[in-house]
Each structure stands twice: as structure tokens, then as C-alpha cells.
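What follows is one structure encoded as C-alpha cells, with my remarks underneath.
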Amino acid sequence: MAYTTDNKQYAENVKKWEQVRDCIEDKVEQKREKYIPKPEGISDTNYGVYAGRAIFANFTGQTAQVLKSSMFYRDYTLQGVDGAELPESLQMMVDNFSGKGTNFDDHLKKTGFNVCSVGRFGVLCDYPDTAGQKLSQADINKRGLSAYFPTYRAESIVDWDTQVIDGKEVLYYVKLCERVSSIVKQGNNFTRDDVDLERELFIDDDGFYAQKVTVDGTTQEIKQPLKGNGERFDFIPFQFINADDNTPDCGPIPLYKISTLNIGHFREDANRRQNSFYFSVPTATVDIGDMDAQEFRTANNMGKNDGITFGGTAYILQKGKIELIQAKEGSVSQSIQQDDESAMVKLGAQIVMQGQNETAEAARIRKGTGMVTLGDMVGNIEEAYINLINWGMMMNNPSGEPDEFEFNMSRQFFDDRLSPQMLQQLINMNIQGKYPDDDLYKQLKKDNLTTFDTMLEYKEALGTDTGDNSLNIDE
């Protein structure tokens, strides 16, 4: 759902986000009138028939699923420092990360799907309202209160602003709008209540974070979320997550070009099926010789509106001769659709590029053209969740400070392990002294084909240790 706002970036991008959503969520066929232009002079009835023939092949949704699967092809790691258990201030959040029962894993994947499709997502760090309850830390722990992280789609982040404070540009204002639907119980009767919930996050006159909540145009409260030590935040704990960076500005929309081609493919499908309907079935023609039309009708007992009867017992009297003619179905529409499909495949492949080996100049040029890769997106998501977790721990901990932890997402988006044939060749070359032990060990470690944790252990097992134990797989 789009909202009215004066933010120019929002207005410029919201229709693009909606187009991608319509494709991904298979709503294009439901919105035929939006995506298939009505030809001039055609009646509403005929347009409905023409547009109704088109079938939407959801290449966009399939691409989004492939990108998400590639993004999480290998497991991420979330742990304490050096593999230790998670600190309690983080552990208490992972099973209900959203505050509505969504765990950390599902929360992360939802973010990933949104970033690799529309290229924009927002996550707020919040805490249950305990104002006036004067809860001790024991009470808080007993009730299981913890920071949580509600999510916001691009369409719901309707306005934002930054200001330069002490020489640094900081997030100063964010406006979040959403339509909230819930069941209301009145005695034994249940009704659904829909309200417009507006949440404004801002830095107040004292330089601290505050939150204004409005329901159906009426201000309900102004909150001042606190750290675990009772202090206020001097920044807004809201995280923008984009495809190219994590700034408040709107960036590239990874699947917009693919969705545009996909809709073009859908429109051309309407033309192709219309053409097929009219011209793929042969048309019967009757050569009636020197008879006029009325003589022919009389000879064949045909009334004014009767057509010719076909079938095994049908016949034509007098000089009638039937031929079947069939126009060749044009191949232009099919060619256009094939070109669109090819272009969509190429765009999808470009997005999956790993990008680790590209030069800084190449990366600058690529981003200048509005193209981002999974590597860019994963890096942004990883950075964002580190920030979110730190903010949550600042709310959970009595000290108001975050604990240490490690969170890493894999940059391996597909199975790039060596084939058995290539591995055998490398081993043979190693035996012949043409492929160094160090390089072979690194490849074995990368493909999880060795149990040795370090290069030193590997060399000792081979009996080739030189005494230099400084080299290991991390170098």
C-alpha cells in the first residue's frame, strides 16, 4: 500500500516497488487493466477477452527465490566470541526477534528476500512499554521482557530526514505508516478492526530519541525508549537496509528491470494468443462457380443465417468446392518474448555475481549503472544486523552497553567446490611437486575435505613440516 508524502525519493520509487511486488506476489493477472494497455477503439467486452487470454509467467518471483536461496546457500554464524555461547542479552532475543514470534533465522531471511527484490527494508529496535511499572531487573527477567525488532517494507517508510550534528550527518526523523488489522472480542462476538498506525521517530529538542504513535489520526502517546541503565538514546535505533548501502536514501531496485521485461513478456503474450485465436484455426472457403449466393443457399437448404454443415454426412450441391485456408501465424510476438526471456536471464546472472575479485573502479562503474550484486546486499544485511543486535543488547543489559558477539554471513552463493576429476589432478600435481602443499591444503579446507584445523597439523601429518608454524588457512 502506498502512502501520501512530500518525500520526493519515496514518490519516485513507490510505483517501482509496487510493480516488483505485483510480479513477485503473482498479482499481475489480477491487475490486467494496469499492465495491458487498452487498444484504441476496442470495446470493454473485447478488451476483457483480449487481456484475459494473457498468462503471466512469473520470472521475477522465481528470480527472487533463486537470489534468496543463493544468499543463504551456506549457513551464517551467530555466536559468542571465538565460538563461545551467545551472551544472555542476545540469547533472550533470538527466539522471538520480531516481538511477534518470528525467530532470528526467519527474520533474517525475510529481510534478505526484501533487499534482493525491491532493494529496501527497514527494521526498528524497540522495547515493550513498561512505563510507570517500576520493574526490577528480576521482574524483567521473570516476564521475559526483551528488545524486539519490528520490520517495515519500503512502501511503509514514507518519510525521513537527516541533519548535520557536530559535523556528522545523522538520522533525524523517520515516519512509518502501516495498516494494522486485528480481531476484537466483545463478549462472544468477534469483529475485525482495521486502523491506520503511524509511528514517527525523531530527535527531540534535548537531542534524544523519542517516538510518537498515532492511530487513525489521533496521537496516542509519545514514548522515550531507554537503555537498560535508564539513559535515553542520542540516536534513532532504526536501520535502513538497501541493496547498495544502508543510508536513508533510496537506492537501486534489483528486480525492477527484470519485472519490467516480465510485464512486457506478459503484454506480448496477450498479442500472441489473440493472433493465435484468430489465425491458427483454418478458415473454410467455398467456390460456388457461376452460381450466385442465393442460388447456392437454395440448393443447400440454407436459411439466411445458416452456415455450411461439416462432417462425414455433409455435402455441397451443385458447383460448390470447399478449400481450407490458413494464415501463417506471425513469429514477431514469439521472437519478442524470447528476447525478453534472454534479457531477464542475463540480468539475474549479473545480480548473482560474487564480485570479490573486481577492482574498485569496476565496482564504482557497476554501482554507477544501478546494478548491485548479492555480495553487496549480503554485506549490507550483515552490517545492519550487527547494529540491531548491539542496540537490542543496550536495551536488555542493566549496564546499557552491548556484549561481544560474532555474526557472519557467507559470500559463497553456489557450490563452487572442485569436481572429483579436478581434485585428482591437483593431488597428482602435488605428488609430482608441481602444486604446493599450502595451496592444496587451502583448497581441501575450503571444500571441507580435511579435518586438520591448521596448515601446521596438515604438514606434520605429511611429514613436510619446515618448523614455520606461522602459516595457517586464515593467511
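Roughly speaking, what is the centre-to-centre gap between region 225-274 and region 1-54 when only Cα atoms are used, to the nearest Å?
19
Any of 68/446; 68/257; 68/223; 110/185; 100/168; 34/100 with alpha carbons more than 27 Å apart? Name them for me.
68/223; 110/185; 100/168; 34/100
Where a ≥ b ≥ c are the square roots of the eigenvalues of the C-alpha gyration tensor, would you call region 33-85 rounded, which needs a/c under 1.5, or, failing that, prolate if a/b is larger than b/c, or oblate?
Because a/c hits 1.5 or more and a/b exceeds b/c, region 33-85 counts as prolate.
State whether region 150-308 is rounded, prolate or oblate according to the following rule on the C-alpha gyration tensor (a ≥ b ≥ c being the square roots of its eigenvalues): a/c under 1.5 gives rounded; otherwise a/b larger than b/c gives prolate, and the remaining case gives oblate. Write out the running numbers ahead of the final one.
Working: a/c = 6.14, a/b = 2.71, b/c = 2.26.
Taking the square roots of the gyration eigenvalues as a ≥ b ≥ c, region 150-308 is prolate.
Would you mind working out the accessible area per residue for region 171-290, using a 1.4 Å probe, and quoting it in Å²? Before the final figure, lay out the partial values.
Values: 6130 Å² over 120 residues.
Each residue of region 171-290 exposes 51 Å² on average to a 1.4 Å probe.
Accessible area per residue for region 42-94 in Å², computed with a 1.4 Å probe and the full protein assembly in place, what is it? Walk me through the numbers on the way to the answer.
Details: 2740 Å² over 53 residues.
Roughly 52 Å² per residue, with all protein chains present.
Between residue 295 and residue 322, how many nm apart are label points set 7 Å from Cα along the C-beta direction?
Spacing of the two 7 Å Cα→Cβ label points: 2.2 nm.
In what sequence, highest mean first, do 99-109, 430-440, 84-94 appear when ranked by Cβ atoms within 10 angstrom?
On the way: 99-109: 15.5, 430-440: 12.8, 84-94: 17.4.
Going from most to least packed, we get 84-94, 99-109, 430-440.
The values are calculated or read from the model by the stated rules, or taken from the named source; none is laboratory data. This is a predicted model, so every value here is computed, not measured. Positions of Cβ are generated from backbone atoms using ideal geometry, with glycine treated the same way; all protein chains shown enter the neighbour counts. The accessibility values were calculated without ligands, DNA or RNA, using every heavy atom of the protein model including side chains. Shrake-Rupley method; radii C 1.70, N 1.55, O 1.52, S 1.80 Å.
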